[in-house]
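Peer 1: Structure incoming, see below.
Please treat every number below as a calculation from the coordinates, not as lab data. Keep in mind the model is a prediction, meaning the values are calculated, not measured. Heads up, the Cβs are rebuilt from the backbone with ideal geometry, glycines too, and the neighbour counts pull from every protein chain shown.
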């Protein structure tokens with residue numbers, strides 16, 4: 001536990017001791033907040049960006065707590081920032097990087113209807129809504145108390161998003177108008193040419209009814225190309241699919257859906273022939289359920305989308321710092337500890353500390369902080385994915401990103417006394433900070449415990465796939481982002497380095513990967529990993545590890561990493577953050593969710609993720625490009641709908657490049673094809689990203705537009721947020737009386753962020 005004092009060079013705060021601060025609250029608190037009839041609420045608002053005495057950017061967060069009686073603390077999740085309370089009597093505590101608690105003597109006097117306000121000066125400027133706090137809850141009697149979370153608008157006044165010396169990220173109405181005007185496309189793909197674009201379509205004579213299931217014939221064909229097929233729509237309304245696919249029925253169903261989608265208003269389609277194959281053998285999507293959990297039935301819907309667009313590998317991110325999400329029966333602590341998060345100051349508890357989301361209660365079943373797949377659940381998912389031609393590649397990140405496993409195995413050690421599976425050792429004084437600001441998330445490769453652990457996990461996973469009757473494509477071991485100095489204070493690592501003649505800790509990392517690859521090889525299992533397992537190692541390491549590797553995800557464009565990985569003979573998976581991380585925000589609008597560290601990833605970026613852009617090399621090197629994958633990390637995910645918003649429409653660019661590794665459609669054609677698919681998603685009730693409407697004043701009239709040609713634009717003239725019941729835009733109207741115009745686009749369940757236009761300002 002770390003107290004914030006002079007954090008990030010912010011103003012130093014005098015901190016009262018916990019005993020003096022909380023003794024008063026503990027004595028007075030009768031836990032009324034947990035049993036009263038009043039609805040407990042915490043309302044968050046940003047008061048706007050500013051600067052401290054040294055000119056460094058800051059902003060003030062206000063938490064208004066309306067509680068039904070006294071309490072001890074308010075806790076919340078938020079990406080790590082330097083913060084200090086405005087009121088010097090308040091104390092801010094970091095329970096974990098990304099999980100914070102505030103204490104105040106004022107909390108002991110809280111009463112229903114008499115809100116308590118806490119304000120925190122925060123370093124930096126607020127980028128967008130994803131950087132606002134979440135999982136706000138109270139603590140009484142040392143226990144979490146769920147409250148209603150309310151977030152006030154982050155676009156109520158310009159100071160909330162504008163910051164001196166920084167670009168204004170708001171996309172104002174007039175700029176949105178120009179963007180929409182440039183994008184809108186009347187072009188639509190011809191019949192059977194939807195994304196992913198097939199290699200060849202030849203139309204026959206006449207139009208026929210859409211083939212029905214009993215008129216579909218599937219035949220095997222021998223062809224060396226990846227998932228090759230021809231599909232003939234006959235003049236008698238039959239469909240004959242000839243393919244070399246390992247899942248011919250699934251492929252035929254996908255082709256039939258493509259044909260049906262091409263029907264005209266009379267339900268007719270052209271006779272003809274489609275020929276296609278995929279340029280990439282590995283056509284992947286990584287879904288992270290470790291940081292925030294997505295349940296079995298929701299994952300089936302995501303798998304459906306993958307199959308629809310010809311993706312064939314679900315890279316399932318199941319184990320990371322913040323969670324372990326699949327049952328390993330031999331190690332029940334992995335899920336009893338690692339699949340639950342809650343409020344605690346200690347790590348000596350049977351659950352993890354909270355982060356990203358939740359209500360502080362490790363037992364809550366309706367929050368993405370908690371949850372895992374039982375073995376039966378996972379088998380059901382495996383069989384479901386396999387029926388659609390999607391392989392499931394499980395990932396458990398190590399030796400970094402291993403906090404959930406470390407805490408689970410430490411709990412096992414405390415409760416059983418058996419140290420055989422410990423992943424760390426006593427007396428390790430190493431000091432490091434990971435990419436996500438953890439100081440305790442790296443297992444120790446000098447111990448035997450990690451290898452025993454991996455052997456059990458691999459054996460259990462292999463048994464699960466065997467029981468499911470589904471091929472295990474491999475196991476992704478992560479291998480990324482081990483921080484510098486991770487083992488500086490470990491005597492075990494020091495002795496290991498002396499014995500082996502190592503001069504750098506990355507040799508320890510390499511040894512770990514090589515040994516885990518050996519464990520996998522003994523079980524007949526291939527491994528996959530992030531770029532770090534294939535960069536900067538010796539020829540001897542490469543020769544030993546490379547034959548065991550099925551995939552290496554290159555996630556950065558720094559230098560020539562992709563080219564180097566492929567040139568060394570490793571199977572390269574194009575996964576670059578600035579093209580293919582779908583959890584990055586698609587625009588700079590402050591309401592648009594998504595992270596910003598990797599840049600803007602809009603719907604066009606994956607379309608431009610060609611093999612020549614991401615692995616510029618000769619054909620011999622490019623022959624080692626095994627595939628392409630998009631990633632959705634889940635720090636900001638709270639529901640399947642949010643995954644859909646991140647995935648749609650960007651999945652279309654991914655699918656196009658997975659099937660055609662070099663350019664096919666122009667941007668205008670792509671946007672036209674995308675528009676047609678968005679209309680379909682709206683009918684299906686999916687969430688998806690919509691570009692915001694444009695607003696401009698022309699000859700004294702307010703005009704609005706959208707990029708697609710369908711949906712409803714709803715607007716307000718008083719600066720309030722538009723909703724589905726706001727005024728409907730039907731055509732230009734007089735600008736007189738309008739001050740601040742706000743508009744949103746709605747299409748089915750989806751809605752855009754708000755466009756703002758100030759009139760006469």
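Peer 1: Whole angstrom only: what separates the Cα centroid of segment 206-263 from the Cα centroid of segment 133-177?
Peer 2: First find each Cα centre; the distance between them is then 49 Å.
Peer 1: In cubic angstrom, how much convex hull volume per residue do the alpha carbon atoms of segment 282-635 span?
Peer 2: 141
Peer 1: Rounded to the nearest angstrom and ordered from largest down, what semi-axes does the equivalent ellipsoid of segment 200-278 get from its C-alpha gyration tensor (root of 5λ)?
Peer 2: Working from the Cα gyration tensor, I get semi-axes of 21, 12, 10 Å.
Peer 1: Compute the semi-axes of the equivalent ellipsoid of segment 528-686, taking the square root of 5 times each eigenvalue of the Cα gyration tensor, and list them largest first in whole Å.
Peer 2: Semi-axes from the Cα gyration tensor: 30, 18, 13 Å.
Peer 1: I would also like to ask the following. Would you list the P(r) distribution for segment 416-534, with all Cα-Cα distances sorted into 10 Å bins from 0 and each bin expressed as a whole %?
Peer 2: P(r) over segment 416-534, rounded to whole percents: 12, 40, 34, 12, 2.
Peer 1: What number, in nm² with one decimal, is the all-direction average of the projected area of the convex hull of the alpha-carbon atoms of segment 447-489?
Peer 2: Numbers: hull surface 15.8 nm².
If you wrap the Cα atoms of segment 447-489 in a convex hull and average its projections, you get 3.9 nm².
Peer 1: Something else about it: Suppose a student asked you for the relative contact order of segment 346-411, using Cα pairs under 8 Å spaced at least 6 residues apart; what percent would you report?
Peer 2: Once divided by the residue count of segment 346-411, the mean separation gives 34 percent.
Peer 1: For residue 150 and residue 60, calculate 0.36 nm times their separation in residues minus their Cα-Cα distance, and state this gained length in nm to one decimal. Before the final figure, lay out each step's value.
Peer 2: Values: separation 90, 0.36 × 90 = 32.40 nm, distance 1.67 nm.
Stretched fully, the residue 150-residue 60 segment lengthens by 30.7 nm.
Peer 1: Among 286-294, 545-553, what's the highest-first ranking by average C-beta atoms within 10 angstrom per residue?
Peer 2: Averaged packing, sorted descending, gives the order 286-294, 545-553.
Peer 1: Separate question: In segment 633-761, if every C-alpha pair distance is counted and binned at 10 Å from zero, what percent goes to each bin?
Peer 2: 12, 36, 30, 17, 5, 0
Peer 1: To continue, here is another question. Summing -39500 (n - 2.57) over the DSSP H runs of n ≥ 4 in the chain and dividing by its residue number, what mean residue ellipticity at 222 nm do you reach, to the nearest 500 deg cm²/dmol?
Peer 2: Dividing the helical sum by the residues of the chain leaves -7500 deg cm²/dmol.
Peer 1: Same structure, new question: Report relative contact order for segment 428-562 in percent, whole number only (criteria: Cα-Cα under 8 Å, sequence separation at least 6).
Peer 2: Relative contact order comes out at 28 percent.
Peer 1: Another question, then. Please state, as a whole number in µm²/s, the translational diffusion coefficient that the Stokes-Einstein equation yields for segment 79-231 at 10 °C and 1.306 mPa s, with Rh defined as the Kirkwood radius across alpha carbon pairs. Walk me through the intermediate numbers first.
Peer 2: Details: Rh = 23.1 Å.
Taking Rh from Cα pairs, D becomes 69 µm²/s.
Peer 1: Go through 162-174, 509-521 and give me the packing order, highest mean Cβ count within 10 Å leading. Could you put the intermediate results ahead of the total?
Peer 2: On the way: 162-174: 16.2, 509-521: 20.3.
Listed from highest to lowest mean packing, they are 509-521, 162-174.
Peer 1: Could you pull the Cα extents of the chain along its three principal axes, largest to smallest, in whole Å?
Peer 2: Largest first, the chain extends 87, 80, 47 Å along its Cα principal axes.
Peer 1: Hey, could you pull the Cα Rg and Dmax for segment 622-705, both in Å?
Peer 2: Reported Rg and Dmax, both Å: 17.0, 60.
Peer 1: Once you have the Kirkwood Rh of segment 332-471 from its Cα pairs, apply Stokes-Einstein at 10 °C and 1.306 mPa s and quote D in µm²/s.
Peer 2: Stokes-Einstein gives a translational diffusion coefficient of 96 µm²/s.
Peer 1: I've got another one for you. Sort all Cα-Cα distances of segment 269-372 into consecutive 5 angstrom bins from zero, then give the percent of pairs in each bin up to the one containing the longest distance.
Peer 2: Result, from short to long distances: 2, 12, 18, 17, 14, 10, 8, 6, 4, 3, 3, 2, 1, 0 percent.
Peer 1: Still on this structure, please answer the following. According to a simple spin-label model (label point 7 Å from Cα along Cα-to-Cβ), what is the distance in nm between residue 39 and residue 266?
Peer 2: Here the answer is 5.5 nm between the modelled labels.
Peer 1: Further question on the same structure: Run the numbers for residue 666 and residue 174: contour at 0.36 nm per residue of separation, minus the present Cα-Cα distance, in nm.
Peer 2: Length gained between residue 666 and residue 174: 174.6 nm.
Peer 1: Once the convex hull of the C-alpha atoms of segment 466-589 is built, how many Å³ does it hold per residue, rounded to a whole number?
Peer 2: Working: hull volume 20.7 nm³, N = 124.
Spelled out: Cα convex hull of segment 466-589, divided by residues, is 167 Å³.
Peer 1: While we're on this one: Can you tell me which of 52-61, 692-701 comes out highest on packing, and rank the rest after it, using the mean Cβ neighbours within 10 Å? Intermediate results must be reported in sequence, preceding the final value.
Peer 2: Working: 52-61: 14.7, 692-701: 18.4.
Order by mean packing, descending: 692-701, 52-61.
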